[in-house]
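Chemist: There's a structure below that I have some questions on.
The values are calculated or read from the model by the stated rules, or taken from the named source; none is laboratory data. Since we're looking at a predicted model, the values are computed, not measured. When we count neighbours, we look across all protein chains shown, and the Cβ atoms used for this are built from the backbone with ideal geometry, even at glycine.
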Amino acid sequence: MLIKDENGKIDILSLSFDELCEQITALGEKKFRASQIYEWLHVRQVDDFDKMTNLSIQFRGRLREVFCLKSLFIVKRLESAADNTLKYLYRLPDGNHVEAVVMDYNHGTTICISTQVGCKMGCNFCASTIAGFRRDLLPSEMLLEIYTAARDSGRRISGAVLMGIGEPLDNYDNVVCFLGLLSDEKGMNMSLRHVSLSTCGIVPRIRELASLGLGLTLSISLHATNNETRSSIMPINKRYDIDELLDACKYYFAKTGRRISFEYALIDGVNDSRENALELKRLLGGFVCHINIIPVNKIKERSYTSNRKNAQKFRALLEEMGLNATVRRTLGADINAACGQLRREYEI
């Protein structure tokens with residue numbers, strides 16, 4: 001994706017390999033130079049042109065004249081004493097802030113990244129939306145959330161979750177470009193089967209994403225079993241209701257064959273009754289899916305509460321009804337690893 005900064009320099013990290021080849025050959029250089037640069041950027045993940053030591057000093061100078069190579073500054077780094085989860089607060093080149101969380105699992109290390117600075121969606125239980133929306137993240141900035149964490153932590157990151165600050169499908173073009181760069185075999189080469197994208201339910205974009213056949217896991221933030229409740233906590237439901245959303249999910253499964261995960265933030269007294277479980281059975285019975293029950297995170301601006309004991313009871317109800325459900329494992333609880341809280345506290 002051809003993106004220029006305020007000085008007219010091209011954002012080199014947002015370029016696909018073919019786009020980089022075009023730019024480098026336009027400078028009068030051989031195509032193999034583009035391969036060298038792409039490896040430095042996306043395999044070795046350097047943050048300075050001067051670290052590209054197999055390029056001449058003169059050529060590195062020319063690259064600095066034409067391109068910008070962005071970097072993120074780690075403002076705060078928290079490490080959980082319980083499970084080694086890492087939480088980062090990054091400062092972007094324009095002074096805005098986003099968060100990322102690195103989590104270790106038995107199958108490898110996964111990073112949860114942000115896709116926007118803030119969020120427009122206005123979900124009542126979410127800390128990300130409280131500080132307001134500033135702008136979309138660029139493909140380069142999403143990549144840098146991963147590259148910076150990998151460099152700082154020394155961990156090999158093998159999976160990614162687009163579930164941090166922001167709504168990924170509200171930043172559709174930049175996110176699709178990012179996914180292409182992330183999975184490029186000449187670069188980081190992360191399998192998109194190890195990538196999960198979480199959306200509150202922008203129906204047209206779900207259908208567009210399905211048509212791309214990327215193979216990633218789609219996670220739907222459902223959080224309610226009827227339109228009245230969902231609209232009260234998730235304004236997006238007033239535009240695309242549950243029936244429209246589930247139709248899009250069925251289309252996604254038909255096009256990709258990928259099982260969909262439905263996220264269900266359990267809120268005491270709002271969506272945790274046996275009647276709610278029965279409504280979930282009606283909605284999702286026969287659907288090839290997984291229900292991920294999430295005890296809602298406590299934030300000071302909201303009165304919503306939840307706990308793991310109630311979540312386990314609700315899971316048992318769903319399993320009695322033949323639904324595949326688990327309670328999300330809590331990682332980084334001692335460092336408030338839920339996205340949005342650190343940025344909001346820092347900027348207040």
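Chemist: Out of 19, 29, which single residue is in contact with a helix residue (DSSP H, G or I) (Cβ under 8 Å, 6 or more places away or on another chain), farther than 26 Å from residue 165 by Cα, surrounded by 13 or more Cβ atoms within 10 Å (Cβ to Cβ) and of a type in the set (Asp, Glu)?
Modeler: Answer to the selection: 29.
Chemist: When the residues of region 52-98 are filtered to those that are aliphatic (A, V, I, L, M) and touching a Gly at 6+ places or on another chain (Cβ under 9 Å), which remaining residue is nearest to residue 330 (Cα to Cα)? Before the answer, list the steps.
Modeler: Quick first cut of region 52-98, residues aliphatic (A, V, I, L, M) only: 52, 55, 57, 63, 66, 69, 72, 74-75, 78, 81-82, 86, 89, 92, 98.
Subsequent filtering for residues that are touching a Gly at 6+ places or on another chain (Cβ under 9 Å) retains 78, 82, 86, 98.
Numbers: 78: 16, 82: 11, 86: 13, 98: 21 Å.
Across region 52-98, the extreme among qualifying residues is 82.
Chemist: Taking into account only those residues within region 217-242 that are in contact with a strand residue (DSSP E or B) (Cβ under 8 Å, 6 or more places away or on another chain) and within 15 Å of residue 167 (Cα to Cα), which is surrounded by the fewest Cβ atoms within 10 Å (Cβ to Cβ)?
Modeler: Checked region 217-242; the qualifying residue surrounded by the fewest Cβ atoms within 10 Å (Cβ to Cβ) is 219.
Chemist: Here's another thing I want to ask about it. Just the residues that are surrounded by 23 or more Cβ atoms within 10 Å (Cβ to Cβ), touching a Gly at 6+ places or on another chain (Cβ under 9 Å) and modelled with pLDDT of 95 or more, please, taken from region 144-164.
Modeler: 145
Chemist: Let me ask something additional. What are the residues in region 189-213 that are surrounded by 19 or more Cβ atoms within 10 Å (Cβ to Cβ), in a loop (DSSP other than H, G, I, E, B) and touching a residue at least 40 places away in the same chain (Cβ under 8 Å), if any?
Modeler: 200, 201 - these are the residues of region 189-213 that are surrounded by 19 or more Cβ atoms within 10 Å (Cβ to Cβ), in a loop (DSSP other than H, G, I, E, B) and touching a residue at least 40 places away in the same chain (Cβ under 8 Å).
Chemist: Residue 268 - would you say it is among the acidic types (Asp, Glu), closer than 16 Å to residue 125 by Cα and either in the same structural domain as residue 199 (by TED's automatic domain parsing) or surrounded by fewer than 19 Cβ atoms within 10 Å (Cβ to Cβ) (or both)? Steps first, answer last, please.
Modeler: Working: among the acidic types (Asp, Glu): yes; closer than 16 Å to residue 125 by Cα: yes; either in the same structural domain as residue 199 (by TED's automatic domain parsing) or surrounded by fewer than 19 Cβ atoms within 10 Å (Cβ to Cβ) (or both): yes.
Yes: the conditions hold for residue 268.
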